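Read the figures in this text as sums done on the coordinates, not as results from a lab. What you see is a predicted model; the values in this text were computed from it and never measured. Every residue, glycine as well, gets a Cβ built from its backbone with ideal geometry; the counts of neighbours run over all protein chains shown.
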Amino acid sequence: MIVPIVFLLLSVIGFFLSGLPLNFVVNEMVFRLSRNLILVMSLIVPVITGMGLNFGIVLGAMAGQIGLIFIVNYKIGGILGVLVAVLVSTPIAILLGYLTGKVLNKAKGKEMITSMILGFFANGIYQLVFILLAGKIIPIKNKDMLMSTGVGLKNTIDLNIIRKSLDNLLFGKITPLPIMTLIITALLFVGLYFLLKTKLGQEMRAVGQSMYIAGVSGINVDKTRIIAIIISTVLAAWGQIVYLQNMGTLSTYTNHEQVGLFAVASLLIGGASVDKASWKEALIGTFLFHLLFIVSPQAGQNLMGNAQIGEYFRVFIAYGVIGLALLLHAWEKAKNTASIKN
Amino acid sequence: MDLKKIYRKIGFPRLIISTFLVLLLIIATALKIPMSGIVQDILTRFGMNAVLVLAMVPSIQCGVGINFNLPLGVIFGLIGALVSMEFGLKSWTGFFVAILIAVPLSTIAGILYGLMLNKVKGQEMTVGNYFGYSIVSFMCIFWLIAPFKNPEMTWAIGGSGLRVTLSMASTIGGVLDNAFRFEVYPSWMPKWLVSFLEIVPLGLILTFAVLAAIVWIFSKTKLGTSMRVAGSSFKFASSNGVNVDKYRILGITLSTVLAAIGIIIYSQSFGFVQLYNAPLYVALPAAASILIGGASLRKAKIIHVIIGTFLFQGLLVVALPVINILSEGSMAEIIRIVISNGIILYALTRKEGETA
């Protein structure tokens, strides 16, 4: 529990240094939670299955973005647009999750670094498809999305046609807050909770405890691991759609890159580790990470006279917390195996 | 039967990439792109990057695997170069002062990092990667507040904080590349020698050769052999009384120091020091190069460095002008991402000990 407490202290100090008004911070926080919780949640299942932090959710985010590119191309707006984007991205995410699972099964014990490199690799393929093939081989009807040469998607694509259509669904007239998104996020969390209670969930836990024992007791280890990654990838795709419908613009080539980093850092700040995570850590971590995100540039400006320092500081925190958490975890594990041997 | 043997000896990735390279070379000739320029670029980029790739060798040999924390050494190399530039030191003096500052700093950092890695056996690559990222982002703050005063290095407005790219043109830029090049060549030199010296960055290549020879000779000494034993099998080594932890620290320290020297060599050839996020992009191409050369996560030799760097850089150099003529400019960058990460992925999914 030490990690969340340290970050709470850091954020509170940052809050007072920044001098930002409380209601601004609270308002910003509600939006940030609604945007990011599903993405952070997508990491939980692979952790429970013993595959560590799935940096491969980048692939899921790409699938989500492909769904969004699809609806912008056919100019399907509003809540229907969000729905179509989900429908288009889900099969893609299932396929990508299946492939990721296959690759990770070949790299047992090195899943985290492999999933990260896989994310970089997929990013290359994604760029190849949307810079070189879009407009040339892949037909794009909506010419506004293409670069002036007619080949390749623009760096930013306007998502105004679906902006906040999920956030404001039903409750939009009463309050500007993203009530519907929060309800859906809560439902997904409940769904995840019950999934982990089912037989499949038990098998995932068993595989997470020990692949060997799970295998001996008749669980198909490789299949369970692939299912875990598919669930994670699909959730990441949905999470990215929810995130981007709130933002209203798609940075075609960069939006997905940071997804893995920020989600992983959030989960770890919440007190999760490489082999233990639940909805509590996801919620606490997302809250603390984004609190630090909101206050640190202004705090840096007031403390050092340079907002850039606060900006770099929060990037340092994101990387540093992942590095430290991985370090502490690997350290503990090494100590345990040593003590078992003795 | 024999063909199969040859195929296995060359290996799948090298076969694909050399075929691709040859194909690109044929297209380049067909498009009438000047060959001498391409050869010069390949050799220069080879020399620029080879030492950074060489830094992977001791790390793989001592059993840590790919050193994704190359940025650690790179940062101390950059500090060496920056201090030397701050005092306005020129050419060889500047170069050697940079090395002299970088080596002890990176040695200390390497030892500390090695101590840390010994606590996380089995997860070195993931931990190292994030450790590298954190160091780089921490140093971003340092570059902003570091007490450098030379107006050529700091932002014009405000006078503090280092620029993102600093020109080395007036200090140590090109000192190795141009070591054997002259403004006016003496008249006794035959013409072929002059054009040879103009095309081949002899000083750069020789520097790599010296460093590679040192690493090679070291691996043949008793110390180096023990280090490779420690890296090949933990159990075998410790049952033979080899202190595995000690040799892992040795390997990582060597790797870090080579990274520091490597970035100084890279920067002087490139002509610019790149700060802030630039060190992040050092480790992946270096890892990809040595794996393309035929190394695995457990085994690496000098020859892998030479073949891998040559193929990887050659591909990028030839691909660039060809693609610029045939297609969009960003293609070369995409090819780099796909190939470098593809090869690392390939190596990670092999069974232990199998070469990539």
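In segment A:152-236, which trypsin sites (Lys or Arg not before Pro) are in a loop and have at most 14 other Cβ atoms within 10 Å, using DSSP for the loop call? List each step's numbers first, then the result.
Details: sites: A:K154, A:R163, A:K164, A:K173, A:K197, A:K199, A:R205, A:K223, A:R225; in loops: A:K154, A:R163, A:K164, A:K173.
Hits after loop and neighbour filter: A:K173.
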Go ahead and estimate [θ] at 222 nm for chain A from helices alone: -39,500 (n - 2.57) per DSSP H run with n ≥ 4, summed, over the residue count, rounded to 500. -23500 deg cm²/dmol
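Quick one: putting +1 on the C-beta of Lys and Arg, -1 on the C-beta of Asp and Glu, what dipole do you get for chain B around its Cα centre, in Debye to the nearest 20?
Approximately 1240 debye in magnitude.
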Once you have the alpha carbon radius of gyration of chain B, what is it after dividing by 2.2 N^0.38 Å, with N set to its residue count? 1.02
Over its alpha-carbon atoms, chain A yields an Rg and a Dmax in Å of 20.6, 68
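With n ≥ 4 as the cut-off for DSSP H runs, can you work out [θ] at 222 nm for chain B, using -39500 (n - 2.57) per run divided by the number of residues, rounded to the nearest 500? Present the calculation step by step, with values, prior to reporting the outcome.
Numbers: 15 runs with 245 residues, N = 356.
Result for chain B, helices only: -23000 deg cm²/dmol.
Which FRET efficiency value, to the nearest 0.05, do you get for B:N324 and B:K9 by plugging their Cβ-Cβ distance into 1/(1 + (r/R0)^6) with R0 = 22 Å? Could you put the intermediate results ahead of the total?
Details: r = 35 Å, r/R0 = 1.59.
Computed FRET efficiency for B:N324 and B:K9 comes out at 0.05.
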Please express the Cα-Cα pair-distance distribution P(r) of segment B:46-150 as a list of whole percents, one per 5 Å bin, running from 0 to the bin with the greatest distance. 2, 11, 18, 22, 20, 13, 8, 4, 1
First check a/c for segment A:166-220, with a ≥ b ≥ c the square roots of the eigenvalues of its C-alpha gyration tensor; if it is under 1.5, answer rounded, and if not, answer prolate when a/b is larger than b/c or oblate otherwise. prolate
Within segment B:127-145, find all residues whose amide N lies under 18 Å from a label point positioned 7 Å from the Cα of B:S160 along Cα-to-beta-carbon. B:139-145
Could you check the spin-label model distance between A:L9 and B:F142? Points 7 Å from the Cα along Cα→Cβ, value in nm. 2.5 nm
Can you give me the C-alpha center-to-center distance between segment A:266-302 and segment B:79-106, rounded to a whole angstrom? 40 Å
Sticking with the crude label model, points 7 Å out along Cα→Cβ, report the distance from B:E333 to B:I108 in nm, one decimal please. 3.8 nm
Using a Förster distance of 41 Å, how high is the FRET efficiency between B:T29 and B:A179, based on the Cβ-Cβ distance and rounded to 0.05? 0.85
Shielding by partners - mean other protein chain Cβ count within 10 Å, residues of A:313-325: 6
Springs between alpha-carbon pairs under 10 angstrom, Gaussian network model over chain B: which of B:L202, B:L43, B:L23 fluctuates most? B:L23
Taking chain A as a Gaussian network, Cα atoms linked when under 10 Å apart, which of A:W279, A:W331, A:W238 shows the biggest mean-square fluctuation? A:W331
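Given Cα pairs under 8 Å that are at least 6 residues apart, what percent is the relative contact order of segment B:289-340? Don't skip to the answer; put the middle values down first.
On the way: 39 pairs, mean separation 15.0, N = 52.
So the answer I get is 29 percent.
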Projecting the Cα atoms of A:G52, A:I213, B:V175 onto the charge dipole of the protein assembly as shown, where Lys and Arg contribute +1 and Asp and Glu -1 at Cβ, the residue farthest towards the positive end is A:I213
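Grab the other residues whose beta carbon is less than 13 angstrom from that of A:F121, score K and R as +1, D and E as -1, and report the net. Display every interim value, and only then the final one.
On the way: positive: B:R336; negative: A:E257.
Surrounding charge for A:F121 is 0.
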How big is Rg to Rh over segment A:1-152, alpha-carbon atoms, Rh as the Kirkwood inverse-mean-distance radius? 1.06
Full extension between A:V216 and A:D158 adds, at 0.36 nm per residue less the Cα distance, a length in nm of 15.6 nm
Hydrodynamic radius of the protein assembly as shown per Kirkwood, over alpha carbon pairs, in Å: 27.0 Å
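Want the number for A:L80 to A:S251: 0.36 nm per residue separation, take away the alpha-carbon distance, what's left? Don't skip to the answer; put the middle values down first.
On the way: separation 171, 0.36 × 171 = 61.56 nm, distance 2.18 nm.
Between A:L80 and A:S251, full extension yields an extra 59.4 nm.
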Size of charge dipole - the protein assembly as shown - debye, nearest 20, with Cβ of Lys, Arg +1 and Asp, Glu -1, no other charges: 1740 debye
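If we count every other residue with Cβ under 10 angstrom of A:G208's Cβ, Lys/Arg +1 and Asp/Glu -1, where does the sum land?
Values: positive: A:R205, A:R225, A:K276; negative: A:E203, A:D275.
That sum, taken over residues with Cβ under 10 Å, equals +1.
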Options A:V82, A:I13, A:L33, ranked by Cα towards positive dipole end of segment A:1-114, top entry (Cβ charges): A:V82
Would you be so kind as to identify which of B:G114, B:I157, B:L78 lies farthest towards the positive end of the dipole of segment B:46-278, taking Lys and Arg as +1 and Asp and Glu as -1 on Cβ and the Cα centre as origin? B:G114
Around B:H304: net Lys/Arg minus Asp/Glu count, Cβ-Cβ under 13 Å: +4
In debye, nearest 20, what is the charge dipole magnitude of segment B:249-356 about its Cα centre with +1 on Lys and Arg Cβ and -1 on Asp and Glu Cβ, if you could check? 340 debye
